[in-house]
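Only one structure is covered here, and it is reproduced in the block below.
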Amino acid sequence: MCKNTIQFQKGIGIRQFLANYGNEDQCESALISWRWPDGFQCPKCGSRSFCKLHRKAEFQCNCCRCQTSLTSNTIFDSTKLPLATWFLGIYLVTQNKAGISALTLHRQLGISYNASLRMKHKLMQVMMERDNSWQLSGFVQIDDAYWGGERHGGRRGRGSENKAPFVAAVQTDADNHPIYMKFNAVDNFQRKTIREWAEHALKKGVRAVSDGLSCFRGIEDAGCQHTAIITGGGHASMENELFTWVNTMLGNVKTAMTGTYHKLDPKHLGRYLSEFNYRFNLRFDMPSMISRLGRAAVNTAPMPDRQLKLPDVQWQPG
Ligand SMILES: [Zn+2]
């Protein structure tokens, strides 16, 4: 089965990674090719005629004299870190299935904790925006979950204030194998909130199953089919094959997040979950995650400190 192929795929070893992206020039060339696949183009006048300035990775347009840095207007904007450090960060973040904490990044990259925390959040932001740009389709198992503790059995959907709610959704194929996942933080489990989530996360016509929590009627409001299967929660829902994967993956993600991050700020739960979505959804091709994330990063708007610290904006309004 393909499961073993995925688990035992070669990935990209650190030697291979360093051979490809080990020095500043290699990283700069890669970033140029991702940002301007057809060659440099002046962002102001559109001209393709330029000269490179003495400073590294700065371009000057030959027509309008406008100067552009390779990292300006990207998530790397205003960074003081060498590109090679960023690339190594991308390597560590994408190739570790259970995630990597800012503290470990700080140690392994030899940068300050504040710098590693910024890097980690910027990369998670890139993953979140990327993950939000497409939708699940076909058959989808859905469950409600909380970060910071979950009640088994009993009443559900009423997390206390220190529990951050999120929706767990897994797309499965005809053989009930998991294909893609989307775990997204939500404000609450109200019908209109779930409707808004479904409009962003699910293609119209998705066939969804949930355990019948009343807010999930919001899925129907978003133009999807929805079957509520009353399981009674707890062990009964674990045993229902329709929920096998969403339950399994919820367990895996919570275990990994607890092990790697211990505690995390609930206002950034969306970013942390997106990191798991991103890696899982690209698990068939781990080496390509580096170039894919790099390409997404140069197409992600800058995020100054102030903005980085605000609560996540899961979906851009409008
Ligand atoms: Zn120009």
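The values are calculated or read from the model by the stated rules, or taken from the named source; none is laboratory data. Remember, it's a predicted structure, so these values are computed and weren't measured experimentally. Don't worry about glycine lacking a Cβ; one is built from the backbone with ideal geometry, like all the others, and counts go over all protein chains shown.
Ala164 - would you say it is touching a residue at least 40 places away in the same chain (Cβ under 8 Å) and either among the hydrophobic types (A, V, I, L, M, F, W, C) or more than 13 Å from Ile142 (Cβ to Cβ) (or both)? It is true that Ala164 is touching a residue at least 40 places away in the same chain (Cβ under 8 Å) and either among the hydrophobic types (A, V, I, L, M, F, W, C) or more than 13 Å from Ile142 (Cβ to Cβ) (or both). If Ser274 passes every condition in (1) touching an Asp or Glu at 6+ places or on another chain (Cβ under 8 Å); (2) surrounded by fewer than 18 Cβ atoms within 10 Å (Cβ to Cβ) but one, which one does it miss? Looking at each condition in turn, Ser274 falls short on (2). Please go through segment 30-44 and pick out each residue that is within 27 Å of Ala19 (Cβ to Cβ), in contact with a Lys or Arg (Cβ under 7 Å, 6 or more places away or on another chain) and within 16 Å of the ligand (Cβ to nearest atom). Residues satisfying the conditions are Gly39, Phe40. On the basis of being at pLDDT below 95, in contact with a Leu (Cβ under 9 Å, 6 or more places away or on another chain) and either more than 16 Å from the ligand (Cβ to nearest atom) or not charged (D, E, K, R) (or both), does Gln108 make the cut? In short, no.
Would you confirm whether any residue within segment 204-214 is within 18 Å of the chain's Cα centre (by Cα) and assigned to a strand (DSSP E or B)? No, because not a single residue in segment 204-214 is within 18 Å of the chain's Cα centre (by Cα) and assigned to a strand (DSSP E or B).
The set of residues in segment 245-261 that are more than 19 Å from Ile142 (Cβ to Cβ) and among the β-branched types (Val, Ile, Thr) comprises Thr255, Thr258, Thr260. Taken over segment 10-52, residues that are at positive phi and either touching a residue at least 24 places away in the same chain (Cβ under 8 Å) or assigned to a helix (DSSP H, G or I) (or both) amount to 1. Taken over segment 258-305, the criterion of being hydrophobic (A, V, I, L, M, F, W, C) and assigned to a loop (DSSP other than H, G, I, E, B) is satisfied by Leu264, Leu282, Met286, Ala301, Met303. Among the residues of segment 123-133, none qualifies, meaning not one is farther than 19 Å from His268 by Cα and touching a Ser or Thr at 6+ places or on another chain (Cβ under 7 Å).
Looking only at segment 287-301, decide whether some residue is among the polar types (S, T, N, Q) and in contact with a strand residue (DSSP E or B) (Cβ under 7 Å, 6 or more places away or on another chain). There is no residue in segment 287-301 that is among the polar types (S, T, N, Q) and in contact with a strand residue (DSSP E or B) (Cβ under 7 Å, 6 or more places away or on another chain).
How many residues does segment 45-88 contain that are under 31 Å from the mean Cα position of the chain (by Cα) and within 9 Å of the ligand (Cβ to nearest atom)? Summing the residues that are under 31 Å from the mean Cα position of the chain (by Cα) and within 9 Å of the ligand (Cβ to nearest atom) in segment 45-88 gives 1.
State whether one or more residues within segment 238-248 are under 18 Å from Gly99 (Cα atoms) and crowded, with 20+ Cβ neighbours inside 10 Å.
The answer is no; no qualifying residue exists.
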